[in-house]
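Novice: Here it is, the structure in full.
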Amino acid sequence: MPYFIKTLLGGVLLCVFISACGGGSGDDSDVSEGNSQDNSQENTQDNANHSQSEGEPTEVIYTPGGNNSSSEVPAGTSVLTPFTVKESAEVGSNDFPISVVFPLPLGGYQSTEKLHLTDSQGNAVPAQFEVLNRWWSRDNSIRHVMVHFFPSVDPFNGSDSSGIESYRFITSDSAQAGIVNPVVISEDDTTLEINNQVIGLTIEKSPLKIITPAGELKSLFYDENNNLDQSFLHDQIDIEIEEDGPLRSIVKLSSRTVYTDPETIKHGWAMRIYAYANSPLVRVEFQLQNSAINSRFSAPLFFKGHHLRIETGSIATSSQLRADTPPTADVHSLPLGVLKTSDVNVHIRNFQQTFPNGLSQDSSGNIDIELWPTWSRKFQHDEFVSIDMNWLDDMQHTYKEVLLDFNAARSEVDSNKLAKIFEFPPVPVVPLSYYKETGATFDLGGFVPESSLGAVDNSTNRKPSYAEVEYDLDREHTRYAFGIDNFGLDMDRKLAVASTGGWPTTGQKFYYSGSTADYFDALDYAKGELNIRPQWLAGYTHVDDHELVKPSCNPYSGSTWRHHSGNHEDTLLRGSDDVPEYRQSANPRDDQHAWFYHIEGAYYMSGDRWIYDWYKFMSEFKQKYLHKLDAFPDFSSRSIGHNLAVSMSAYKAIGNAPLKEAINTFVDTHLTDIMKEPHNVKSSSYDYDSESHVEAPFQLGFMLRSLIDFSYEVNGDAEALQIIQDGIEWNYQYANFCYYCSVTSTEPNVGRSGTGLTLVDPIIWYALNTNQHHYAEHAIDYAENESYGDFSGWTGQYESRLYAHYQDLQSGSSGDDENNSSNDDSSNEDSSHEDNSGNDDNNDNANDDNNNDANDNEIINEIADLAPNQLYYAGFLDCGENSCGGITAFSGMLYDPNQHQMVIFGGGHAATMNDDIMRLDLSDFTWKSSYTPTTCSDMTPDNWDGDTSSWTSSGLPAARHTYDMMVISEHSNELILLRPADWQGGYCVTTEDSILGGSGLSHFDFDSNSWSNQQFDYPWSSLGSAEYDPISQDVILVDGNNIYVYDPESLTTIAQIAHRQSELHYDKNLIYYPPLDRFYYFVSGASVFELTVDRDNWSNSTLTEISVSGDIPNFPHTAFAYDQANHLLGGGVSNGKFYAFRPETGEWLSKTIELENPDYQNSWSAQILDSHALDYDPINNIYVFVTTQSAITAQRTWIYRWE
């Protein structure tokens, strides 16, 4: 875990020390921490005082390419994915470190210990595995892992097959490959050292210094009056060890901006130092900051320049290299930023692209790395300003990349090669098919169309190319692409962020193309966003800083994110009136145009730490919007969509729990409150001509897409799903992809607008997840005839990924019809659906061949032959003509021993309103309906009987979440619902007709196939747990306070006993275990309670927590059942494992589930046990359970045998 050290001037200060070290064997056992420290200190003293003659370059001893590969071959490997590394610098590479980010499926891995890289020969490749992010809201398994390694790849020579090396990302139980000369960090009260036996970095104290083998490194900032302010002498410096070897280590140093008055601003800064195993290279990334949080007011930071300086003390010949002329053609042909000296070779990346830059050495040996040269001035848009000044806008952070090569004896030829590699390092290319398989990276549930797989990169140039207009300095409306305040940014919106037209880009083209040029473009675009736009506050937290700073994205098309109070308070001071040449470099994006989608695209291909920093800020900043604390909030649908989208991106990257809660509150409370009747759709504007509230489908599309992302992350959110459903229905019935139209009118719109392209993919996501394909067909007709978007195929653009996937399914070209992250239930479905249910007579053939009569005997035989610990996929939970998506949401499934079937009754709230009992016939494994459910048209307030929680016309109890509050009485042959109905506001009931639950308790008689409903005065919580007691023939219930006994014959509560256990939680599981005649209540794997009942005197019953051991699970749902064959309580399916509890010993057992048919691995790996939908069939000795991937996704049925 990274840790944090703060040092204060006058207290303990920190120095960084880099020293030349002797070569080492690379074996950790050969270098003790003490010896490493002693050697580095000795060399430190030598180098700190060294003075060498001109022309004698420093040489370090090491073996280049020592970490390219090893002779080890991991045993028992399983290939996760092959991947390639592409060289683009045209010089080859074997000694330059790169990083690759791999997605991992939900539930796959909690740690990195079994992950490995191998080369094309199967040899282990030394690598470092870092967790980039996790599935925070699911099971906390790893979502993306970042891997550092040294690839060996031949030069690219213009042929599309050249400069490519193959690797594999695998799992193995073998130990990870050893690393030659690993990076080791050690520290005590006075020093912090990084050592790799080639060079060493030590942090000493008082004052803060960074001393290299070439001399002391300083940060020199010259203010607007040319006064020197040394960054490393600031009062407070924060230090964070972000990575701690063995192949790469990062130390981050930073100091915050301090605002005193408009002319007195102490610059903020941050610097990352990267050290690598067996390497003389140190990467330095320095960020200059102007983002004070000690004041609500601030101003631009004016300054003369900033240099990093290495004071070598060597006698040298003066030399300099400058990038001071705007490139006007082929920027790649211009000199690279490399300065060779006898002490260190220095490189600046993007030397020409981010001009002005400079490198120089004077006769005293001082090497200046001129990141903002004092000899130049600011280049603004398309020209240098006339005053001798640079500036950073308020809330602007800008960083540049430097490489220090302490093998100064490297030849000039090899130094130039290294400069080219630093400019364009080798690029790892992970196949798009692996992103499809894992479903971890893209939004909208991770769908990837089959038709987008296998793109061939025929590039003959692997570097970014620039259009003629991007070199044009004379164009009136400049799009000039170079200079530190231009490079990488979308120049057409640099200042005019609210320009009419267009839609966002995702930065995802590289995932599709595998082109290195697309990779560099994506990263440059993200870095341009971070470097140029003033939208960052270092160190800001919502809790500590909001009250003072109150940052805001308002006003529309505004120039600052500083506090906005309706123009009555100017928080930006000292502008063009004070400094005539001052003009803002770029504007921040406002709420309605907060197009940050491309940053996420770049993050998951690079793991860039500055993007991580920005997401950390956004995770705090966006809590203001989500908590509705802005004085003038913008709640247009696109504003909501963009704000939710970047909030979700930040949450996925950081895992900020308060941010998640803020999103949840915003969606479930604030957003729900602003919906307009009668369609439950919000308004984005008011049309004064028609005197009505209006909405634009293009705005709605942005909002629904972000709500889908949120719902997917949290595995279903009822309110979000309701808003999605209502918005899609409104567009289908009334809006019809209009530009803006009324949200209150009941007259269908006729004309369509091409702008509605943003709504197409959310609609298709919904259709795929509900099997209501008339919505998809409507969207496809629009996309193909009126939309402005590119729907010819998905190549990384914002629109059409789901569209293309759906088209693949309909054409049968989708390959494997399972998708790991979303349901491809519809892969063989007929597309000509007539009714709103999305099901027709052809639907029996749509869901799965396992449901066909012809295969019944085959299924029975396969299940009979199911081996121990095997999982069998038994198809979708098919409700025929009646929609039942979400019927298992917070609901249970029970084994009915009298009829030998599994039964489900559930849904409710904002899930399905279907009040049928679905039965899985265990003689042929088909799902069947019990009766005709209540129609939507009958679900009205006039037809509602609140006393019995049922519909008057049908006599059926309303659908509801049943949790673990449903039992089957074997004695009376009844299904009993032991909790009242939820709020009835699902798809059949409009917002204005929403119905508040009721107080009914219901029994279903299997013999008569009918319900009896009665009003019941519930003494227990509706969120407790219940279990049938076969001995007393009563029902035992447990809630947070008491134990209850319900007599199903008299319909009365016959006992209530306080259990005095405060640790109990709602929505858990109570199971009877006949061998001990006791009940077991599962709060979690680590918290299990034993209930002993005294049937002669119920008041003597006790509930006691018991000790547990073994492989203690961390399951999302506590669904368990008594396994009669093995005398276990089995269930708790999570992380690909099946768990079992042995009550006699308190021991947890587990097995990693094996699929009977490996073809379903993609589908299985993304599934989550749905609430309590699991039970055991003793006749077949099988467990049956149902899974989903989101609350409205079609459910899948699985069969499992323990032994």
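The values are calculated or read from the model by the stated rules, or taken from the named source; none is laboratory data. Treat the numbers as computed from the prediction; the structure is a model and nothing was measured. We place every Cβ from the backbone using ideal geometry, glycine too, and count neighbours over all the protein chains shown.
Conditions tested, residue by residue: (1) among the acidic types (D, E); (2) at pLDDT 95 or above.
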| residue | (1), (2) |
| --- | --- |
| S649 | no, yes |
| K652 | no, yes |
| T669 | no, no |
| T672 | no, no |
| H679 | no, no |
| E691 | yes, no |
| L700 | no, yes |
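Novice: Quick one: N1097 ticks every box in (1) of a type in the set (S, T, N, Q); (2) over 28 Å from the mean Cα position of the chain (by Cα); (3) under 24 Å from L106 (Cβ atoms) bar one, so which box is it?
Specialist: (3)
Novice: More than 29 Å from I1168 (Cα to Cα), in a loop (DSSP other than H, G, I, E, B) and free of Cβ contacts under 8 Å to residues at least 24 places away in the same chain: which single residue out of S953, S972 fits that description?
Specialist: Values: S972 fails: free of Cβ contacts under 8 Å to residues at least 24 places away in the same chain.
Of S953, S972, the one residue that is more than 29 Å from I1168 (Cα to Cα), in a loop (DSSP other than H, G, I, E, B) and free of Cβ contacts under 8 Å to residues at least 24 places away in the same chain is S953.
Novice: For segment 411-422, indicate whether the set of residues that are assigned to a loop (DSSP other than H, G, I, E, B) and in contact (Cβ under 8 Å) with a residue 40 or more places away in the chain is non-empty.
Specialist: Step one: filter segment 411-422 for residues assigned to a loop (DSSP other than H, G, I, E, B), giving 411.
From what is left, the residues that are in contact (Cβ under 8 Å) with a residue 40 or more places away in the chain are none.
Scanning segment 411-422 turns up no residue that is assigned to a loop (DSSP other than H, G, I, E, B) and in contact (Cβ under 8 Å) with a residue 40 or more places away in the chain.
Novice: Taking the conditions exactly as written (of a type in the set (F, W, Y), over 21 Å from the mean Cα position of the chain (by Cα) and assigned by TED's automatic domain parsing to the domain that holds R801), does Y732 satisfy them or not? Full working, then the answer.
Specialist: Working: of a type in the set (F, W, Y): yes; over 21 Å from the mean Cα position of the chain (by Cα): yes; assigned by TED's automatic domain parsing to the domain that holds R801: yes.
Here the answer is yes, as Y732 does meet what is asked.
Let's see how each residue does on (1) closer than 21 Å to E401 by Cβ; (2) in contact (Cβ under 8 Å) with a residue 24 or more places away in the chain; (3) buried (at least 24 other Cβ atoms within 10 Å of the Cβ):
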{"position": "I315", "(1), (2), (3)": "no, yes, no"}
{"position": "S318", "(1), (2), (3)": "no, yes, no"}
{"position": "P335", "(1), (2), (3)": "yes, no, no"}
{"position": "I348", "(1), (2), (3)": "yes, yes, yes"}
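Novice: Taking only pairs six or more apart or across chains, which ones have beta-carbon atoms under 7 Å, a first residue in segment 238-263 that is at positive phi and of a type outside the set (S, T, N, Q), and a second residue that is surrounded by fewer than 21 Cβ atoms within 10 Å (Cβ to Cβ) and in a strand (DSSP E or B)?
Specialist: Once the first residue is at positive phi and of a type outside the set (S, T, N, Q) and sits in segment 238-263, its partners that are surrounded by fewer than 21 Cβ atoms within 10 Å (Cβ to Cβ) and in a strand (DSSP E or B) give G245/I185.
Each row is one residue, and each column tells you yes or no for (1) in a helix (DSSP H, G or I); (2) among the aliphatic types (A, V, I, L, M); (3) at pLDDT below 90.
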{"site": "N769", "(1), (2), (3)": "yes, no, yes"}
{"site": "G796", "(1), (2), (3)": "no, no, no"}
{"site": "L802", "(1), (2), (3)": "yes, yes, no"}
{"site": "D808", "(1), (2), (3)": "yes, no, no"}
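Novice: Let me ask another. Six or more apart or on different chains, Cβ under 8 Å: which pairs go from a residue in segment 1010-1027 that's under 15 Å from S949 (Cα atoms) to one that's of a type in the set (A, V, I, L, M) and surrounded by fewer than 22 Cβ atoms within 10 Å (Cβ to Cβ)? Could you list them?
Specialist: Listed by first residue and then by second, the contacts come to Q1014/L1051; F1016/L1051.
Novice: Looking at L757 and the list (1) assigned to a loop (DSSP other than H, G, I, E, B); (2) modelled with pLDDT of 95 or more, which single condition is not satisfied?
Specialist: Looking at each condition in turn, L757 falls short on (1).
Novice: Residues that are over 32 Å from the mean Cα position of the chain (by Cα) and among the small types (G, A, S): find the strands (runs of 3 or more DSSP E) completely inside segment 264-351 holding 1 or more of those. Quick ask: steps written out before the conclusion?
Specialist: Working: elements: 264-266, 268-276, 281-290, 301-311, 319-323, 337-340, 345-348.
Correct list: 301-311, 319-323, 337-340.
Novice: Further, regarding this structure: Suppose we keep only residues that are hydroxyl-bearing (S, T, Y) and either crowded, with 18+ Cβ neighbours inside 10 Å or at pLDDT 95 or above (or both) within segment 99-136. Which one would you say is nearest to W610 (Cα to Cα)? Even if it seems obvious, please write down each step before you answer.
Specialist: Taking segment 99-136 as the starting set, the residues that turn out to be hydroxyl-bearing (S, T, Y) are 99, 109, 111-112, 118, 120.
Going one step further and asking which of them are either crowded, with 18+ Cβ neighbours inside 10 Å or at pLDDT 95 or above (or both), we end up with 99, 109, 111-112, 118.
On the way: S99: 15, Y109: 26, S111: 24, T112: 23, T118: 29 Å.
Residue satisfying both the conditions and the ranking: S99.
Novice: Something else about it: Pick from V79, V131, V91: which is over 15 Å from I170 (Cβ atoms) and more than 20 Å from the chain's Cα centre (by Cα)? Please lay out each step first, then the result.
Specialist: Values: V79 fails: over 15 Å from I170 (Cβ atoms); V131 fails: more than 20 Å from the chain's Cα centre (by Cα).
Going through V79, V131, V91 in turn, the sole match is V91.
Novice: Next up: Based on what the data block shows, is G528 assigned to a helix (DSSP H, G or I) and surrounded by 17 or more Cβ atoms within 10 Å (Cβ to Cβ)?
Specialist: Details: assigned to a helix (DSSP H, G or I): yes; surrounded by 17 or more Cβ atoms within 10 Å (Cβ to Cβ): yes.
Yes: the conditions hold for G528.
Novice: Could you give me the residue pairs with C-beta distances under 9 Å whose first residue belongs to segment 54-79 and is under 18 Å from V125 (Cα atoms), whose second residue is surrounded by fewer than 16 Cβ atoms within 10 Å (Cβ to Cβ) and at pLDDT below 85 wherever it lies, and which are 6+ apart or on separate chains?
Specialist: Partner pairs satisfying both residue conditions: T63/G23.
Novice: Somewhere in segment 595-613, is a residue in contact (Cβ under 8 Å) with a residue 40 or more places away in the chain and over 21 Å from the mean Cα position of the chain (by Cα)? Lay out the reasoning, then the answer.
Specialist: Going residue by residue through segment 595-613, those that are in contact (Cβ under 8 Å) with a residue 40 or more places away in the chain are 595-613.
Pick out the ones that are also over 21 Å from the mean Cα position of the chain (by Cα) and you get none.
Checked against the condition, which is being in contact (Cβ under 8 Å) with a residue 40 or more places away in the chain and over 21 Å from the mean Cα position of the chain (by Cα), segment 595-613 yields no hits at all.
Novice: Just to verify a result, which residue in segment 608-639, among those that are aliphatic (A, V, I, L, M) and within 13 Å of N554 (Cα to Cα), is surrounded by the fewest Cβ atoms within 10 Å (Cβ to Cβ)? Show your work before the answer.
Specialist: To start, the set of residues in segment 608-639 that are aliphatic (A, V, I, L, M) comprises 611, 618, 626, 629, 631.
With the extra rule that they be within 13 Å of N554 (Cα to Cα), the set shrinks to 629, 631.
On the way: L629: 14, A631: 12.
Checking each candidate, the answer is A631.
Novice: Taking segment 423-475 as the search range and keeping residues that are in a loop (DSSP other than H, G, I, E, B) and among the small types (G, A, S), which one is nearest to the chain's Cα centre (by Cα)?
Specialist: Restricting attention to segment 423-475, the residues satisfying the condition of being in a loop (DSSP other than H, G, I, E, B) are 424-426, 430-431, 439-443, 447-449, 453-467, 472-475.
Those still in the list that are among the small types (G, A, S) too: 439-440, 454-455, 459, 465, 467.
Values: G439: 11, A440: 7, G454: 25, A455: 25, S459: 31, S465: 31, A467: 34 Å.
The extreme case among them is A440.
Each row is one residue, and each column tells you yes or no for (1) assigned to a loop (DSSP other than H, G, I, E, B); (2) at pLDDT below 90; (3) crowded, with 16+ Cβ neighbours inside 10 Å.
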residue: S937; (1), (2), (3): no, yes, no
residue: D942; (1), (2), (3): no, yes, no
residue: G986; (1), (2), (3): yes, yes, yes
residue: E992; (1), (2), (3): no, yes, no
residue: G998; (1), (2), (3): yes, yes, yes
residue: L1001; (1), (2), (3): no, no, yes
residue: S1008; (1), (2), (3): yes, no, no
residue: W1011; (1), (2), (3): no, no, yes
residue: S1022; (1), (2), (3): yes, yes, yes
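Novice: Continuing with the same structure: Mind checking which residues of segment 727-751 are surrounded by fewer than 19 Cβ atoms within 10 Å (Cβ to Cβ) and under 13 Å from K682 (Cβ atoms)?
Specialist: Once the filter is applied, which keeps residues that are surrounded by fewer than 19 Cβ atoms within 10 Å (Cβ to Cβ) and under 13 Å from K682 (Cβ atoms), segment 727-751 yields only T744.
Novice: Hey, can you tell me all the residues within segment 1058-1071 that are assigned to a strand (DSSP E or B) and crowded, with 20+ Cβ neighbours inside 10 Å? Quick ask: steps written out before the conclusion?
Specialist: Of segment 1058-1071, the ones assigned to a strand (DSSP E or B) are 1058, 1069-1071.
Within segment 1058-1071, N1069, L1070, I1071 meet the criteria.
Novice: While we're looking at this one, here's another question. Spot the failing condition for D790; the list is (1) more than 29 Å from G906 (Cβ to Cβ); (2) at pLDDT 90 or above; (3) in a helix (DSSP H, G or I), and only one is missed.
Specialist: Among (1) more than 29 Å from G906 (Cβ to Cβ); (2) at pLDDT 90 or above; (3) in a helix (DSSP H, G or I), D790 violates only (3).
Novice: Within segment 380-397, how many residues turn out to be surrounded by fewer than 24 Cβ atoms within 10 Å (Cβ to Cβ), at negative phi and touching a residue at least 60 places away in the same chain (Cβ under 8 Å)?
Specialist: 8
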